[in-house]
Amino acid sequence: MSLNKNHAPSCSLCQNKQNGTSIFCCLNNDELEALSLGKRNMTFKRGQVIFSEGNQPHGVYCIHSGKVKIHKMGDEGKEQIVRLANTANIIGYRSVLNSNSYYASATAIEDTEVCFISKLTIVNLIKTNSNFSFSLLDLLSDDLKRAEEKITHMAQKHVRERIAEAILLLHEAYGLKADNQTIDSNLTRKEIANIAGTTTETSIRILSEFQKDHIIELVGKEIRILDIKKLFKTANIFD
């Protein structure tokens, strides 16, 4: 990790703010200026830990660019990926709100730039800006919904369905590259297995089956979606 204060964009000029994807869009100019003056800009290389499970939080991290996985250690040291975060997302906020230690770890899955915002700043915004408070409530509600759905699917879905759903989750979280087929993320087969709650060997086998069925195409670590309707059907997800 490295500090990069000189390259930190002003919050009012941040692309995520201007395109409406940041939770800080509801702040007024004075609040944005205070946010800019108080934040710290940090860069993390792929594989570097941003924060660790069990540590005490001192603030939240807003992803300016890059991709992050949120993960917990389960039985026998097995990693479970519980969430994927992308540009404009904030991470670590739940532990700040309830003053508990981090419930999970966050690791960069590609070179990532984040803005660290202190707990005091976040608490003050909650107290003084009702729109920001409601935005955080919406975020909490959405995270809770996803967690409940994941628990249900892990208990009830076959592993083949869970692998298909993991690919769809990557598609939703990170989108597609310029060819409009290739998922814009190069997670390892082990990481895909950790999303689906299975073994690396099973992940490799089922991904190969999907390729034989012409649902996806595997090119190195890249995954190209050839038939998204069939992928949804395989994941047992219907509109």
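The values are calculated or read from the model by the stated rules, or taken from the named source; none is laboratory data. Please read these numbers as outputs of a predicted model, since none were measured by experiment. All Cβ positions, even for glycine, are placed from backbone atoms using ideal geometry, and neighbour counts span all protein chains on display.
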Next item on the list: Kindly provide the set of residues from segment 17-58 that are within 19 Å of ASP138 (Cα to Cα), of a type outside the set (Phe, Trp, Tyr) and surrounded by 14 or more Cβ atoms within 10 Å (Cβ to Cβ), ordered by number.
Entry: LYS17, THR21, SER22, ILE23, CYS25, CYS26, LEU27
Check: Which one of ASN129, ASN98, ASN124 is touching a residue at least 40 places away in the same chain (Cβ under 8 Å) and polar (S, T, N, Q)?
Finding: ASN129
Item checked: Matching entry among ASN186, ASN194 (being within 23 Å of ALA108 (Cβ to Cβ) and touching a His at 6+ places or on another chain (Cβ under 8 Å)) -> ASN194
Check: Which residues, taken from segment 89-113, are within 11 Å of GLU53 (Cβ to Cβ) and either of a type in the set (A, V, I, L, M) or in the same structural domain as ASP184 (by TED's automatic domain parsing) (or both)?
Finding: ALA104, ALA106
Check: Do we find that ILE63 is outside any helix (DSSP H, G or I), touching a Phe, Trp or Tyr at 6+ places or on another chain (Cβ under 9 Å) and in contact (Cβ under 8 Å) with a residue 12 or more places away in the chain in this structure?
Finding: no
Next item on the list: Under 9 Å between Cβ atoms, at least 6 apart or on separate chains: pull out the pairs that start in segment 142-161 with a residue that is closer than 18 Å to ILE192 by Cα and touching a residue at least 40 places away in the same chain (Cβ under 8 Å) and end on any residue that is basic (Lys, Arg) and in a helix (DSSP H, G or I).
Entry: MET154/ARG162
Notebook entry, point to check: Taking TYR103, is it among the aromatic types (Phe, Trp, Tyr) and surrounded by 17 or more Cβ atoms within 10 Å (Cβ to Cβ)?
Noted result: no
Margin query: It is to be established whether one or more residues within segment 42-56 are at pLDDT 90 or above and touching a helix residue (DSSP H, G or I) at 6+ places or on another chain (Cβ under 6 Å).
Written below: no
Next item on the list: Test PHE210 against the stated conditions and say whether it is under 30 Å from MET73 (Cα atoms), assigned to a helix (DSSP H, G or I), in contact (Cβ under 8 Å) with a residue 60 or more places away in the chain and of a type in the set (Phe, Trp, Tyr).
Entry: no
Next item on the list: Select from segment 162-193 the residues that are part of a loop (DSSP other than H, G, I, E, B) and within 17 Å of the chain's Cα centre (by Cα) and list them in ascending order.
Entry: GLY175, ASP184, SER185, ASN186, LEU187, THR188
Check: Mind checking which pairs have a first residue in segment 45-58 that is more than 15 Å from GLU113 (Cβ to Cβ) and a second that is not in a loop (DSSP other than H, G, I, E, B) and not hydroxyl-bearing (Ser, Thr, Tyr), Cβ under 6 Å, 6 or more apart or different chains?
Finding: PHE51/ALA106; PRO57/VAL96; HIS58/LYS119
Checklist line | Top-ranked residue of segment 63-100 - restricted to ones that are within 18 Å of ARG146 (Cα to Cα), within 13 Å of the chain's Cα centre (by Cα) and among the basic types (Lys, Arg), ranked as surrounded by the most Cβ atoms within 10 Å (Cβ to Cβ) | finding: LYS69
